[in-house]
Amino acid sequence: MNHLVTVLYIVSFALFIFGLSGLTGPKTAVRGNWIAATGMALAVVATLIKVRDTASINWILIAVGLALGVILGVPPAKKTKMTAMPQLVALFNGVGGGTVALIAWAEFIETGGFAHFTEDQHPTVALVAGSLFAAIIGSVSFWGSLVAFLKLQESIPKNVEKRLVASAKLFQAANIVLLLGATAAAIYIGVNAGTGSPAWTILVVLGLAGLMGLFVVFPIGGADMPVVISLLNALTGLSAAAA
């Protein structure tokens, strides 16, 4: 059964990539979305098979999560006009990045700060580094996508946006400091993997990365948001792959 789960995941990944390739033009976009949706359905099925022996309370949580996803995802997608599609894409993409960051946080908590994964398995470099990388990039994508959404929705006052754009160099300097800080905190967690790190350390990583996501998008004008969304979308995919 584990081999079936692995095969389904591999097929899902392939369908995601193939589906994304269809989004390069309006003629193939609908087909690309359907292909990617099929890949996600297979991934969900594979996950349900993998956790088939889990406790009943977990099945209730899974059902609630699936129901909430449908309730929150379908109505906006059906009601949003085509002219407002970029901000919907930004919002959905941000949710994906935030999910990855939360998974990394949950992994940190579940393993006692990467002190252990199971009774007989110690954390490896690949597992710890992948999880911490996902935490940083996922948090950047989530908060950056929220700013992109607000800019496209014109929810940020014009005078405030002009001041933000005018402060681009200041934001760039701050981003360098935030990146170094988040990386340093992640390295601290990685170095202490096996013995465990305090709970606040992962919050430092997520917080600094979140601020960096805000500061990356703040000084960029609304007209360039589609380009920013493309970059953030790529980062979300990269963080999900790491996770």
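The values are calculated or read from the model by the stated rules, or taken from the named source; none is laboratory data. These figures come from a predicted structure and were not determined experimentally. Reconstructed Cβ throughout: ideal geometry from the backbone, glycine too, with neighbour counts over all protein chains shown. Keep in mind that these areas ignore ligands, DNA and RNA; they rest on the heavy atoms of the full protein, side chains included. Shrake-Rupley method; radii C 1.70, N 1.55, O 1.52, S 1.80 Å.
One table, with the values for the structure above:
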| quantity | calculated |
| --- | --- |
| For the chain, accessible area per residue (1.4 Å probe, heavy atoms of protein chains only), Å² | 59 |
| Carbon and sulfur %, accessible surface of the chain computed with the full protein complex present, 1.4 Å | 74 |
| Nearest-0.05 FRET efficiency for A77 and V125, computed from C-beta distance (R0 51 Å) | 0.80 |
| Lysine pairs in the chain with Cα atoms under 25 Å, if 8 or more residues apart or on separate chains | 10 |
| Mean Cβ count within 10 Å, highest first, over the residues of peptides 181-189, 65-73 | 181-189, 65-73 |
| Within segment 44-103, trypsin sites (Lys or Arg not before Pro) in DSSP loop having at most 10 other beta-carbon neighbours inside 10 Å | R52, K81 |
| For segment 60-75, 3J(HN,Hα) per residue [Karplus equation, 6.51 cos²θ - 1.76 cosθ + 1.60, θ = phi - 60°, Hz, x = Gly/Pro] | 5, 5, 5, 4, 5, x, 5, 5, 4, x, 5, 5, 7, x, 5, x |
| Linear extension gain, A234 paired with L180, 0.36 nm per residue minus alpha-carbon span | 17.3 nm |
| For the chain, the longest site-free run once GluC sites (Glu not before Pro) in DSSP loop states with at most 11 other Cβ atoms within 10 Å are removed | 1-118 |
| Spread of Cα-to-Cα distances over 10 Å intervals beginning at zero, given as percent, for segment 140-243 | 15, 40, 30, 12, 3, 0 |
| Gyration tensor (Cα) of segment 20-139, equivalent ellipsoid semi-axes in angstrom | 32, 19, 15 |
| Cα shape, segment 30-88, gyration tensor, a/c 1.5 rule | oblate |
| For the chain, radius of gyration divided by Kirkwood radius, i.e. Rg to Rh on alpha-carbons | 0.99 |
| Accessible area of W59 in the full protein assembly, 1.4 Å probe (Å², nearest 10) | 90 |
| In range of the label at M85: residues from segment 32-47 whose backbone nitrogen is under 18 Å from the point 7 Å along Cα→Cβ | 32-38 |
| Prolate/oblate/rounded label for segment 138-188 (Cα gyration tensor, a/c 1.5) | oblate |
